Amino acid sequence: MKDFLQILIVGIGDGSVYAMLGLGLVVIFRSTGVLNFAQGEIAMFSTFVVWTIHDLGVPMWLAVIGGMAGGFIIGAIIHEVAVRPVGDPHQKPLAVVIVTIGLFLGVNGAAQLIWGTVDRRFDPLFGSGSVNVAGVPIAWQKIGAMVVLGAIAFLFFVVFQKTKLGLAMRAVASNSESAGLVGIPVPRLLMLGWGFAAAVGTVAGVFTTSVLGGLGPNLMQLTLIFGFAAITLGGFDSLVGAIVGGLIVGVLTSTLPRYVEQFEKMPLAPAFILILLVLLIRPQGLFGKKDVTRV
Amino acid sequence: MAGDEATSGTEQKGGPASAAPLLEVDGLRAGYGIVEVLFGIDLRVDHNETVVVLGANGAGKTTTLRAVSGMIASTGSVRFEGASVSGKRPDQLLKLGIAHVPQGRGTIGALTVEENLRIGAYNRKDADVAADIDRWYEQFPRLGERKGQLAGSMSGGEQQMLAIARALMSRPKLLLLDEPSMGLAPLVTQEVFDQLRQITENSATSVLLVEQNANLALEFASRAYVLEAGQIVASGAAADLQGDPAIQKAYLGL
């Protein structure tokens, strides 16, 4: 029982990281209708920015904030330079998807050029200690991931539901043409969306680094698959879905190998099976909207 | 801000037409890709005037509005209050005072009725936004009853009224209306036009309307243009066109 509790909490902690990555994916999907395959690589890149700042002697917390700011700028620049010139993603979704796949390779290559392929060591954000809760040792890392996810979720809620900026972003996501007609500078809001997504991705990258123990150019490639599984389960266009989906995927991937030995050697298998099952049974996901076309 | 005087001042009504027209379009050409739709359109909307462009399906009515509001590229000259606005984006034109209710209404389905109205005031910084929302609830009581409902779940007529109210939230000087009758039952269409008449009578907002429903449109507008295959083939006072046998035959089913 204690073992199970511990694994469950590890799962929720890991799931919090998938949820963070998923939130970034959903923000971009809602505003452009396109899945950003480069989300994980952009997160990896800005995690390297965190590492670089930290390496200069700056405290970890400040380095993370600096990395988030860096991620925001990188995301915004990528939108302006690589995504926006391709054209309206609602009219040419495939072209934009291909661009994000190209970005996946390009950002990865850029990181290898700048930082090399040797793994960098990274101080865990919340230290490497753990705390005993009812006899169950829980790593501060996992608690930290949950708390940070909670904070990010709250921030997203406030921004999207309570501010004019959030209202405008939701308007762009729902109907970008009409958003332009009511005076919203649509390209600028899309740029902000890419910036937000990359900033949240930075945090996901930092936590993934402490789970894997090192930072390299392939940091986020597994996490991205789990992030995809999370938003497939939760619904591509639902922020709540990304959080719930992320947590469920985290728990599944940490508990399943205990009961089904085969999964131990195939950590990705539960994620792929989940994606397949959701697409077969409930393609819109738990919280996603079914596509309704009104004429 | 732009348009502040639009709803407040009715003193312009019937005022001197000495200044430049509100909207002046000369030799407007536009299309989609290699397909040309408009072959040099000239039209004019004066201050405090309602103008209709009549035309059949495919004549270029929607394209005309889309070119004027900067949704598609065009050549020729579009001047607003005497200044050229060619090449500007819709959000930039809105700041100058041109609001566009697009074909198919263009309500933002994932936002509530109230959020749609609030987003309509996106560019306004004044303190009267809430009061304006109440004013439109008063004009369109059914929107007030449904303020918390998602716009996408409302009927066609309600969405049309919401789209008009949302456009007016920006306090425009010129309202572009693309076939408000489309897809609506005759009674609902009548209601929409009744509301429009009340709104234009009580404000200084000018309207450029494109319509197929010639009967209603000619009663609503003071001046009219007839668009055929991308060219203006007739124009004049709405009352004159109503009595023109050729127009009656082609558009009024008489």
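Counting only residues that are under 17 Å from B:HIS100 (Cα atoms) and out of contact with any helix residue (DSSP H, G or I) (no Cβ under 8 Å at 6 or more places or on another chain), which one in segment B:165-197 is nearest to the other protein chains (Cβ to nearest Cβ)?
Across segment B:165-197, the extreme among qualifying residues is B:MET182.
For A:PHE157, which of the numbered conditions (1) open to solvent by 40 Å² or more (accessible area, probe 1.4 Å); (2) modelled with pLDDT of 95 or more fails to hold?
Only one criterion is unmet by A:PHE157, namely (2).
Could you grab the pairs with beta carbons closer than 7 Å, sequence gap of 6+ or different chains, first residue in segment A:152-168 and more than 10 Å from chain B (Cβ to nearest Cβ), second one part of a loop (DSSP other than H, G, I, E, B)?
none
For segment B:87-113, give me the residue count where each residue is more than 12 Å from chain A (Cβ to nearest Cβ) and crowded, with 17+ Cβ neighbours inside 10 Å.
So the count comes out to 1.
Six or more apart or on different chains, Cβ under 7 Å: which pairs go from a residue in segment A:120-143 that's among the acidic types (Asp, Glu) to one that's open to solvent by less than 40 Å² (accessible area, probe 1.4 Å)? Could you list them?
If the second residue must be open to solvent by less than 40 Å² (accessible area, probe 1.4 Å), the pairs left are A:ASP123/A:MET60.
If you take the residues in segment B:114-138 that are open to solvent by 50 Å² or more (accessible area, probe 1.4 Å) and in a loop (DSSP other than H, G, I, E, B), which one is farthest from the other protein chains (Cβ to nearest Cβ)?
Checking each candidate, the answer is B:ASP128.
Quick test for you: out of B:SER74, B:SER84, pick the one residue that is without any contact (Cβ under 8 Å) to a residue 24 or more places away in the chain, open to solvent by 30 Å² or more (accessible area, probe 1.4 Å) and more than 12 Å from chain A (Cβ to nearest Cβ).
Criteria check complete, one pass: B:SER84.
What about A:ALA269, is it surrounded by fewer than 22 Cβ atoms within 10 Å (Cβ to Cβ) and either in contact with a Cys (Cβ under 9 Å, 6 or more places away or on another chain) or small (Gly, Ala, Ser) (or both)?
So A:ALA269 fits the description; yes.
Among B:LEU162, B:LEU150, which is within 14 Å of another protein chain (Cβ to nearest Cβ), open to solvent by 70 Å² or more (accessible area, probe 1.4 Å), in contact (Cβ under 8 Å) with a residue 12 or more places away in the chain and not polar (S, T, N, Q)?
B:LEU150
Run down A:ALA168, A:ALA134, A:ALA173 and say which single residue is among the small types (Gly, Ala, Ser), at pLDDT below 90 and crowded, with 20+ Cβ neighbours inside 10 Å.
Step by step, each of A:ALA168, A:ALA134, A:ALA173 is checked, and only A:ALA173 is among the small types (Gly, Ala, Ser), at pLDDT below 90 and crowded, with 20+ Cβ neighbours inside 10 Å.
Report whether or not A:GLY183 is at positive phi, without any contact (Cβ under 8 Å) to a residue 40 or more places away in the chain and open to solvent by less than 10 Å² (accessible area, probe 1.4 Å).
yes
The values are calculated or read from the model by the stated rules, or taken from the named source; none is laboratory data. Nothing here was measured: the structure is a model prediction, and the numbers come from that model. We place every Cβ from the backbone using ideal geometry, glycine too, and count neighbours over all the protein chains shown. Just the protein is used for accessible areas: all its heavy atoms, side chains included, with ligands, DNA and RNA removed. Shrake-Rupley method; radii C 1.70, N 1.55, O 1.52, S 1.80 Å.
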